[in-house]
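Please treat every number below as a calculation from the coordinates, not as lab data. As the structure is a computational prediction, the values presented were derived from the model and not from experiment. Positions of Cβ are generated from backbone atoms using ideal geometry, with glycine treated the same way; all protein chains shown enter the neighbour counts.
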2 protein chains.
Amino acid sequence: MIHIVKIGGNVIDKPSLLDSFLEAFHRMDGGKVLVHGGGKLASNFLERLQIPVRMIDGRRITDQATLEIITMIYGGLINKQIVARLQALGTNAIGLTGADANLIKATKRPVRQGIDYGFAGDVEAVDANRMKALIELKLAPVLAPLTHNQQGQLLNTNADTIAQESAVALAASAQVTLLYCFENRGVMKNPEDPESLIPLLTPSLYEQYKAEGLIYGGMIPKLDNAFAALAKGVSEVVIMHADALQNWGSPHFAATRIRLA
Amino acid sequence: MIHIVKIGGNVIDKPSLLDSFLEAFHRMDGGKVLVHGGGKLASNFLERLQIPVRMIDGRRITDQATLEIITMIYGGLINKQIVARLQALGTNAIGLTGADANLIKATKRPVRQGIDYGFAGDVEAVDANRMKALIELKLAPVLAPLTHNQQGQLLNTNADTIAQESAVALAASAQVTLLYCFENRGVMKNPEDPESLIPLLTPSLYEQYKAEGLIYGGMIPKLDNAFAALAKGVSEVVIMHADALQNWGSPHFAATRIRLA
C-alpha cells in the first residue's frame with residue numbers, strides 16, 4: 001500500500017498548518033510519497049529580485065530567470081526544509097526533483113495558440129520501478145514540482161500532475177491511494193455551507209451531482225482527472241483539508257473520497 | 001570500487017570546465033559519488049539581496065538569511081543543474097543533501113573563542129549503508145555541501161569534509177578512492193614551475209618534502225587530512241586538476257596520488 005500525498009502552496013505558506021500536516025504524514029504507515037507545490041515564496045523572491053512575474057490563466061510563464069529561482073526555492077529551500085523537518089520526526093525523507101534518479105521525464109510544453117509557457121514541463125514518463133526501489137529502502141520521497149527533459153533542461157511542472165502521474169505509474173504494481181490536501185474540507189455541495197461536504201463520489205454520483213448543478217466549473221476538470229486516475233488503476237483519490245490528515249484511518253476522518261464503486 | 005570525486009566552487013564557476021569535468025565523471029566506471037562546493041553564485045545572490053557576507057579565515061558565517069540562500073543555491077540550483085546535465089549524458093545522478101535519506105548527520109559548530117560560525121555543521125556520522133544502497137541501485141549520488149542535525153536544522157558544511165567523511169565511511173565495506181579536483185595539477189614542489197608536480201606522496205616522502213621545505217603552509221593540513229583518510233581505510237587520495245579527470249585510468253593521467261605505500 002502506497003500513499004501519495006500532495007500539498008499545495010497554501011499549506012506551505014502557513015507554518016503551523018505545515019507542521020501539523022508533516023506530523024500527520026509522519027504517522028502514516030506503509031510506503032508514502034509527499035508531493036509539494038510552491039507557495040508564495042517564489043513570487044516574493046522574484047519580486048525582491050525585480051524579475052517580472054507573468055501568469056496566463058493562473059499558470060506561470062517560466063522564463064530562464066524564473067526557472068532558476070523556482071529551482072532554488074522549490075527544489076532547494078522548500079524541499080530541504082520539509083525533508084529536515086520530517087527527519088526530525090523520524091521519517092526518512094529523501095527530497096527529489098524529477099531529474100533526480102531520472103524519476104520523471106517531461107517535455108517542454110509546445111507553443112500553442114501563440115502562448116509560450118517557457119520552461120514548463122508536461123509529464124511524459126514516471127520511473128515507477130525506481131520510485132518503488134527507494135520506497136523499499138524505507139525512504140519517503142519528497143517530490144518538488146520540477147522535472148527534466150533528459151537533455152539537461154529542468155522544467156517547472158504542476159505538482160497535481162506529478163502526484164497523479166506518480167500514482168498511476170506506481171498503481172501498475174502496488175495498491176495506491178492519492179490524497180490531495182488543500183484548505184477546504186473536500187468537494188462541497190454548497191461552498192457556503194461547511195456541512196455540505198460530499199463524503200463519497202462514484203461515477204454515478206458524480207454524474208448525478210453534475211446534472212443537479214451541484215458540481216460545476218473548475219471542480220469538473222479536477223474530478224475528471226481523479227476519475228481518470230482511478231480508471232488507470234489508482235485505488236482511491238481523496239480531496240481533503242491538510243488538517244484532516246491527522247484523522248486518516250480514524251472514524252473522525254472527513255473528506256471527499258472518490259472511488260469507482 | 002567506489003570513487004568519491006569532489007569539485008570546488010572554482011570548477012562550478014567555469015561552465016566549460018564544469019561541462020568537460022561532468023563528461024569525464026560520466027565516463028568513470030563503477031560506483032561513484034560527486035561532492036560539490038558552492039562557488040561565487042551564493043555570494044552574488046547575497047549581494048543582490050543586500051544580505052551582508054561575513055567571513056572569518058575564509059569560512060562563511062552562516063546566519064539564518066545566509067543559510068536560506070545557501071540551501072537554495074547549493075541544494076537547489078547548482079545541485080539540480082549538475083544532476084540534469086549528468087542525466088543528459090546518461091549517468092543516473094541523484095542530487096542530495098546530508099538531510100536526504102539522513103545521509104550525513106552533523107552538529108552545529110559550537111562557539112569557540114568568541115567566534116560563532118552560525119549554522120555551520122561539523123560532520124558527526126555518515127550513513128554509509130544507505131549511501132551504498134543508493135549506489136547499488138546504479139545511482140550516482142551528487143552531494144551538496146549541506147547537512148542536518150536530525151532535529152530539523154539544516155547546516156552549511158564544508159564540501160571537502162563531506163567528501164572525506166563519506167569516503168572513510170564507505171571504506172569500511174568497499175574499496176574507495178577519493179579525488180579532490182581543483183584548478184592546479186596537484187601538489188607542486190615549486191608553485192611557479194608546472195613541471196614540478198609531485199606524482200606520488202607516501203608517508204615517508206611526505207615527511208621528506210616537509211623537512212626539505214617543499215611542502216609547507218596551507219597544504220599541510222590538507223595533506224594531514226588525506227593521510228588520516230588513508231589511515232581509516234581509504235585506498236587512495238588524489239589531488240588533481242578537474243581537467244585531468246578525462247585521463248583517469250590512462251597513462252596520460254597526471255596528478256598527486258597519495259597512498260600509504
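Residue by residue, what Karplus-based ³J(HN,Hα) values in Hz, rounded to whole numbers, does region A:86-98 have, using 6.51, -1.76 and 1.60 with θ = phi - 60° and x for Gly and Pro?
5, 4, 5, 7, x, 8, 7, 7, 9, x, 9, 9, x
Can you classify chain B as rounded, prolate or oblate using the Cα gyration tensor, where a ≥ b ≥ c are the square roots of its eigenvalues, rounded means a/c under 1.5, and otherwise it's prolate if a/b beats b/c and oblate if not?
rounded
HN-Hα J couplings of region A:251-261 from phi, Karplus 6.51/-1.76/1.60, θ = phi - 60°, integer Hz, Gly and Pro as x?
x, 7, 5, 10, 5, 9, 9, 10, 9, 6, 8
Under a Cβ-only charge scheme (Lys and Arg +1, Asp and Glu -1), can you give me the dipole magnitude of chain B about the Cα centre, in debye to the nearest 20?
Here chain B has a charge dipole of around 380 debye.
Given a Förster distance of 25 angstrom, what is the FRET efficiency for A:LYS189 paired with A:LYS222, based on the Cβ-Cβ distance and rounded to 0.05?
Approximately 0.95, to the nearest 0.05.
Could you give, in nm with one decimal, how far A:LYS210 is from each other copy of that position, shortest first, with labels 7 Å out from Cα toward Cβ?
7.8
Just want to confirm a number: the relative contact order over chain A, from Cα pairs under 8 angstrom separated by 6+ residues, in percent.
That works out to 22 percent.
When the dipole is taken about the Cα centre of region A:51-163, and only Lys, Arg (+1) and Asp, Glu (-1) are charged at their Cβ, what size is it in debye, to the nearest 20?
140
Just order A:24-32, B:161-169 by mean Cβ neighbour count inside 10 Å, highest at the front, would you?
B:161-169, A:24-32
Report, as an integer, the average count of C-beta atoms from other chains found within 10 Å of each Cβ along B:20-32.
0
Where nothing but the Cβ of Lys and Arg (+1) and of Asp and Glu (-1) is charged, how large is the charge dipole of region A:32-107 around its Cα centre, in debye to the nearest 20?
200
Could you work out the mean count of beta carbons from other protein chains within 10 Å of each residue's beta carbon in B:144-153?
The shielding value for this peptide is 4.
Label-to-label distances across copies for A:SER250, with labels 7 Å out along Cα→Cβ, in nm, shortest first?
Result for A:SER250, in nm, nearest copy first: 6.5.
Mind checking which chain B residue has its Cβ closest to the axis relating B to A, and how many whole Å off it is?
Taking Cβ atoms only, the nearest residue and its distance are B:GLY76, 1.
Which of the trypsin sites (Lys or Arg not before Pro) found in region B:87-156 are in a DSSP loop and have at most 15 neighbouring Cβ atoms, other than their own, within 10 Å?
B:LYS138
Give the relative contact order (percent, whole number) for region A:98-143; include only Cα pairs under 8 Å separated by 6+ residues.
35
Partner chain Cβ atoms within 10 Å, averaged over the residues of B:98-110 - can you pull that number for me?
Per residue, the average neighbour count from other chains is 4.
Please say if region A:100-169 is rounded, prolate or oblate, where rounded means a/c under 1.5 for a ≥ b ≥ c the square roots of the C-alpha gyration tensor eigenvalues, and otherwise the choice is prolate for a/b larger than b/c and oblate otherwise?
prolate
What does the net charge come to around A:LYS108 if you take all other residues with beta carbon closer than 15 Å to its beta carbon, with K and R at +1 and D and E at -1?
+1
Would you work out if region B:100-254 is rounded, prolate or oblate? Take a ≥ b ≥ c from the square roots of the eigenvalues of the alpha-carbon gyration tensor; rounded if a/c is under 1.5, else prolate when a/b is larger than b/c, oblate otherwise.
oblate
Could you pull the copy-to-copy label distances for A:ARG27, with points set 7 Å along Cα to Cβ, in nm to one decimal and sorted shortest first?
List, nearest first: 5.6 nm.
Using the alpha carbons of region A:1-93, what is the convex hull volume per residue in cubic angstrom, as a whole number?
104
As a quick test, which of the pairs B:LYS105/B:LYS232; A:LYS14/A:LYS132; B:LYS32/B:LYS210; A:LYS80/B:LYS105 have an alpha carbon distance above 25 angstrom in this structure?
The answer is A:LYS14/A:LYS132; B:LYS32/B:LYS210.
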